[in-house]
Every structure is written in C-alpha cells, then in structure tokens.
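The values are calculated or read from the model by the stated rules, or taken from the named source; none is laboratory data. Predicted model only: the values in this text are computed from it and were never measured. Glycine gets a Cβ as well: all are built from the backbone with ideal geometry, and neighbour counts include every protein chain shown.
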Amino acid sequence: MIGKLNHVAIAVPDLEAASAQYRDTLGAKVGAPQDEPDHGVTVVFIELPNTKVELLHPLGEASPIRGFLDKNPSGGIHHICYEVEDILAARDKLQATGARVLGDGEPKIGAHGKPVLFLHPKDFTGTLVELEQV
Ligand code: CO
C-alpha cells in the first residue's frame, strides 16, 4: 500500500542553525524557510537525491510540535511520510485494522499542497506516520 518515502521531518529548536548545518556541514540543498500557518510550523525543505528532509520549527503558541520540543529540547525525528496513491482507501483499510487516524479522520492539505493524514504513533511502533496522496 505505501510507496516511496516522501520525507523525514525533524523538529528543531533553532531553524537557522539546523539549516546552516545541513547546508554547510552536510552539503545538502537547503531551501528558504516557509511559514505554514495552517499547520503551526515553519518548514525548511532539504532535497536529497532520493527523498526530502523537512526541518520543522514551531509557528505560533498553539503549534502542534511545541510539546515535542519541550520533551526533546535538542530536537528529534518528529514523523516520517510515506506516499500512497489513494489516501481515503488507505485510511479505510487502516481503520479496519484498528489503527487510529489523528484529528477528525479527514485528510488535510499538507505542506506540499496534497492531502495528508497522520496515524497514531502508538499503533506504528512509536513512530508518527504521515500519509500523503501523490
Ligand atoms: Co510531513
């Protein structure tokens, strides 16, 4: 059902420092910060030959990653995103197995302008999983 690894998202306390590290130390292609007010994050996209890394930083007081950074002050892997062809079919199949979809269960438009859903980390070996329809 799942296809390519679309991205790995890393929550970071200092977006500037993390961007500089990926650009200057690791030699990656690092984009400019983009505010995503609907998702409560500022994102920096890092393009790798086979996938992407997204650096996430809280935007606004109600940011969904603020609690994560409180627990992981130096930052950490926040979620991984897999591509699916049909997000509603994927959701229905997963829910039928008892997996929990976060929020109201309806796909939202993600940072790439495509429908996304998040799956409960306790149902997926401690990892927050994002599904993105491609
Ligand atoms: Co993501």
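For region 57-75, the tally of residues that are surrounded by 12 or more Cβ atoms within 10 Å (Cβ to Cβ) and at negative phi stands at 10. ASP70 falls short of the stated requirement of being more than 16 Å from the ligand (Cβ to nearest atom) and either touching a strand residue (DSSP E or B) at 6+ places or on another chain (Cβ under 7 Å) or under 17 Å from MET1 (Cα atoms) (or both).
Tell me which residues, restricted to region 11-56, are surrounded by fewer than 17 Cβ atoms within 10 Å (Cβ to Cβ), over 16 Å from the mean Cα position of the chain (by Cα) and in a strand (DSSP E or B). Matches in region 11-56: LYS29 only. When both residues are 6+ apart or on different chains and their Cβ atoms are under 9 Å apart, which pairs have a first residue that lies in region 93-121 and is at positive phi, and a second that is within 13 Å of the ligand (Cβ to nearest atom) and at pLDDT 95 or above? The qualifying pairs are GLY103/LEU117; GLY103/PHE118; GLY105/LEU117.
Restricting the first member to region 18-35 and to residues that are within 10 Å of ILE46 (Cα to Cα) and without any contact (Cβ under 8 Å) to a residue 60 or more places away in the chain, and the second to residues that are surrounded by 11 or more Cβ atoms within 10 Å (Cβ to Cβ) and of a type in the set (Asp, Glu), the beta-carbon pairs closer than 9 Å and six or more apart or on different chains are ALA28/GLU47; LYS29/GLU47; VAL30/GLU47; GLY31/GLU47.
Among the residues making up region 86-134, those that are farther than 19 Å from ALA11 by Cβ, part of a loop (DSSP other than H, G, I, E, B) and either of a type in the set (Asp, Glu) or within 12 Å of the ligand (Cβ to nearest atom) (or both) are ASP86, ASP104, GLU106, LYS114.
Only a single item in (1) more than 13 Å from the ligand (Cβ to nearest atom); (2) of a type in the set (D, E, K, R); (3) touching a Lys or Arg at 6+ places or on another chain (Cβ under 6 Å) is not met by GLU83, and it is number (1). Scanning region 67-80 for residues that are touching a Gly at 6+ places or on another chain (Cβ under 8 Å) and either over 17 Å from PHE124 (Cβ atoms) or part of a strand (DSSP E or B) (or both) returns a single hit, LEU69.
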